[in-house]
Amino acid sequence: MRVAVLDPKSCNPPKCTKECRRFCPAVRMGEDAVVFEKEDSQPRIVEILCSGCGICTRKCPFKAISIVNIADELEKDTSHRYGPNSFQLFRLPIPAPGAVTGLVGANGTGKSTALKILALQLKPNLGEFEQPPEWPEIIRYYRGSGLQPYFEKAARGELKIAYKPQTISAIPETYKGTVEQLLAATDEREILPEIVKQLELKGVLQRDIKVLSGGELQRVAIAAVMTRDADVYLIDEPTSYLDVYQRVRTARAIRSLAAEGKTVISVVHDLAVADYISDYVCIFYGKAGTYGIVSHPHGVREGINIYLNGYLPDSNVRFREEEIRFSTRPPTAEYWDSVEVLLEYEAMTKSFEDFKLIVEPGQIHRGEVIGILGANGIGKTTFVRLLAKEVEPDIGALPETEIKVSYKPQYIKAEEDITVIEGLQAAGGAVVLTSVFKSDVLRPLELTEMEDRLLTELSGGELQRVAIAACLARKADLYLIDEPSAFLDIEQRLATAKVIRHLVHEQGKAALVVEHDMVSISAFADTIAVFSGQPGVEGISHSPVDIRTGMNSFLKEMNVTFRRDHATGRPRVNKQDSRLDREQKQRGEYYYVA
């Protein structure tokens, strides 16, 4: 079965001067490939003559068309298709009462679409987008599976669903007032005091919604969903902007819903949290923006390892060429004393109305990537802004230097209605058009196929990758990158880590990267600067140390330990006070296990 997907955002771009009549003027492949017609001034594919071999030289220069070969047996498993030549989703996750089902997979393969269908915000059309089926036909289609009773209850209006979407930035625009007022309005189960304690929200109850940080807003959104009286809880990306301690506490809170017999389904990109929170795992694979396939449920350890291996044994399908493996030992090289010091900063202090940051003296070397670890509200972003000279210290000062700094902030938003390549050129100039930058940055970050798309049309993960590329495109000696993994899947996070390390090491630059994902920070960091103190009151920035020391120092303060999976080496969170947790704390090894 061949599937052709047309991206109307890329098709017939302004740079194409010929009219789109019977054949697409951008593709120029002629009758031996794809036949087009226009409907409501939009081109659509009416016939696929291309075999999808992938070796033809006559391709759309704007990458508007994807032609892929899919197994014929999947045709009967189509759950939803958005329209002609649009994204197609095969199968759906099976809800499991009294359990948490984790959804893992690459971005753009349909995880959020599946959640919207299960949340009844999107009715599955079974591929019949022109004449969508009604509930009796949908129920008959899924008979014999766990989805049959689910959709039967949905059709009768007997299914209560609580849904937290991926994007939480719209909450301050939708709700006005304090956190306590919002949560009081959603507390249908009368358990607000318990949820406030579980998610540590007592300190923000009297704050206005519009002044909350990303991590605070994320926890408020999760609390608002958990206090609803529902049968099914659907939670899309609950870990974005949360530190390690908050991720573990949030995972425990979500698991408590399953202990009450509720059905819980959650999209998670942090594999350590996915392992901790889930009973079962469904893997999403396919081609981003073209099609997605949902695997059958697997046990959590088996499912995550299958995803990392890139091979589904029950379907005999390899969906990734290379396996993902993790190092169980810290890097042993200690050579920073012999490397040129790029920037040496003295002790500094910066005070705000209700917060104080104390910075210990430290050094940044050429060729060094420093990972910054600390709880939310502890001053990490303030420290980065001090180095970027966006704010001035009250005590102490940065040395006078000609060092150029490039800064990617924590929160990013597309302000201008320009294309991706125009935005990158505005940041880095002609360097973004060089073959070196394309091979070292754009291709690994999967940006070459979206150069002609508008920034305002990008998803959160796409915009994040563009912001990282723009930061690295600027001519600078020091790159300051705040939370680059937000909204990225595990493969994109590891690719980002490789891009940053390669650029810094090869060009003799330096980078400071604020990160909460332990897998990402162990992949890119040479040294670690740990922040301690009391969140929201006082933070202390300690001097950079080696990775092992930094990890142990940070996780000891978080009271969290990690074990390692024997097959893949991936970090797995230990249950608090378990045998392994106690043994590792006694040895002082919180992340790397001998």
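Residue-wise test of (1) touching a residue at least 12 places away in the same chain (Cβ under 8 Å); (2) surrounded by 12 or more Cβ atoms within 10 Å (Cβ to Cβ); (3) out of contact with any Gly (no Cβ under 8 Å at 6 or more places or on another chain).
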site	(1), (2), (3)
LEU308	yes, yes, yes
ASP314	yes, no, yes
GLU321	no, no, no
ILE324	yes, yes, no
MET348	yes, yes, no
ARG366	yes, yes, no
LYS389	yes, no, yes
In region 457-466, is there at least one residue being surrounded by 15 or more Cβ atoms within 10 Å (Cβ to Cβ), of a type in the set (Lys, Arg) and without any contact (Cβ under 8 Å) to a residue 60 or more places away in the chain? yes
Which one of ASN125, ASN85 is in a loop (DSSP other than H, G, I, E, B), open to solvent by less than 30 Å² (accessible area, probe 1.4 Å) and at pLDDT 90 or above? ASN125
Would you point out which residue out of GLU515, GLU506, GLU538 is within 21 Å of LEU480 (Cβ to Cβ) and open to solvent by 60 Å² or more (accessible area, probe 1.4 Å)? GLU506
Of all residues in region 172-191, count the ones that are out of contact with any Leu (no Cβ under 6 Å at 6 or more places or on another chain) and either under 30 Å from LEU488 (Cα atoms) or outside any helix (DSSP H, G or I) (or both). 13
For region 96-104, does any single residue satisfy the condition of being farther than 26 Å from GLY310 by Cβ, in contact (Cβ under 8 Å) with a residue 12 or more places away in the chain, open to solvent by less than 30 Å² (accessible area, probe 1.4 Å) and assigned to a loop (DSSP other than H, G, I, E, B)? no
In region 417-437, what count of residues is obtained for those that are among the acidic types (Asp, Glu) and outside any helix (DSSP H, G or I)? 1
Yes or no: SER435 of a type in the set (S, T, N, Q), open to solvent by 20 Å² or more (accessible area, probe 1.4 Å) and within 14 Å of the chain's Cα centre (by Cα)? no
Would you mind stating whether GLY146 is on the phi > 0 side of the Ramachandran plot and open to solvent by 10 Å² or more (accessible area, probe 1.4 Å)? no
Can you tell me which condition ALA375 does not meet? The list is (1) open to solvent by less than 50 Å² (accessible area, probe 1.4 Å); (2) outside any loop (DSSP other than H, G, I, E, B), and all the others hold. (2)
Yes or no: region 279-287 includes at least one residue that is open to solvent by 70 Å² or more (accessible area, probe 1.4 Å), of a type in the set (Asp, Glu) and out of contact with any Pro (no Cβ under 7 Å at 6 or more places or on another chain). no
Just need a number here: residues in region 210-238 that are open to solvent by less than 10 Å² (accessible area, probe 1.4 Å) and free of Cβ contacts under 8 Å to residues at least 40 places away in the same chain. 0
By residue number, the members of region 391-420 that are of a type in the set (Lys, Arg) and surrounded by fewer than 18 Cβ atoms within 10 Å (Cβ to Cβ) are LYS404, LYS413
Which members of region 178-207 meet the condition of being surrounded by 15 or more Cβ atoms within 10 Å (Cβ to Cβ), touching a Lys or Arg at 6+ places or on another chain (Cβ under 8 Å) and among the acidic types (Asp, Glu)? GLU200
Given (1) under 29 Å from TYR411 (Cα atoms); (2) open to solvent by 40 Å² or more (accessible area, probe 1.4 Å); (3) in contact (Cβ under 8 Å) with a residue 60 or more places away in the chain; (4) in contact with a strand residue (DSSP E or B) (Cβ under 7 Å, 6 or more places away or on another chain), index of the condition PRO297 fails: (1)
With the checklist (1) of a type outside the set (Asp, Glu); (2) buried (at least 16 other Cβ atoms within 10 Å of the Cβ); (3) within 30 Å of PRO238 (Cβ to Cβ); (4) free of Cβ contacts under 8 Å to residues at least 12 places away in the same chain in hand, flag the one item ILE171 doesn't pass. (4)
Across region 571-594, the tally of residues that are in a helix (DSSP H, G or I) and either under 23 Å from ASN305 (Cβ atoms) or among the basic types (Lys, Arg) (or both) stands at 7
The residue from GLU194, GLU216 that alone is closer than 16 Å to THR250 by Cβ, over 23 Å from the mean Cα position of the chain (by Cα) and outside any loop (DSSP other than H, G, I, E, B) is GLU194
Spot the failing condition for THR109; the list is (1) under 16 Å from ILE265 (Cα atoms); (2) in contact (Cβ under 8 Å) with a residue 60 or more places away in the chain; (3) crowded, with 16+ Cβ neighbours inside 10 Å, and only one is missed. (1)
Which condition number does PRO330 fail, the rest of (1) touching a Phe, Trp or Tyr at 6+ places or on another chain (Cβ under 8 Å); (2) part of a strand (DSSP E or B) being met? (2)
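The values are calculated or read from the model by the stated rules, or taken from the named source; none is laboratory data. Just so it is clear, the structure is predicted and the values come from calculations on it, not from any experiment. Here Cβ is always computed from backbone atoms with ideal geometry, including for glycine, and neighbour counts include all displayed protein chains. Side chains are part of the model used for accessible areas, which takes the heavy atoms of the whole protein and leaves out ligands, DNA and RNA. Shrake-Rupley method; radii C 1.70, N 1.55, O 1.52, S 1.80 Å.
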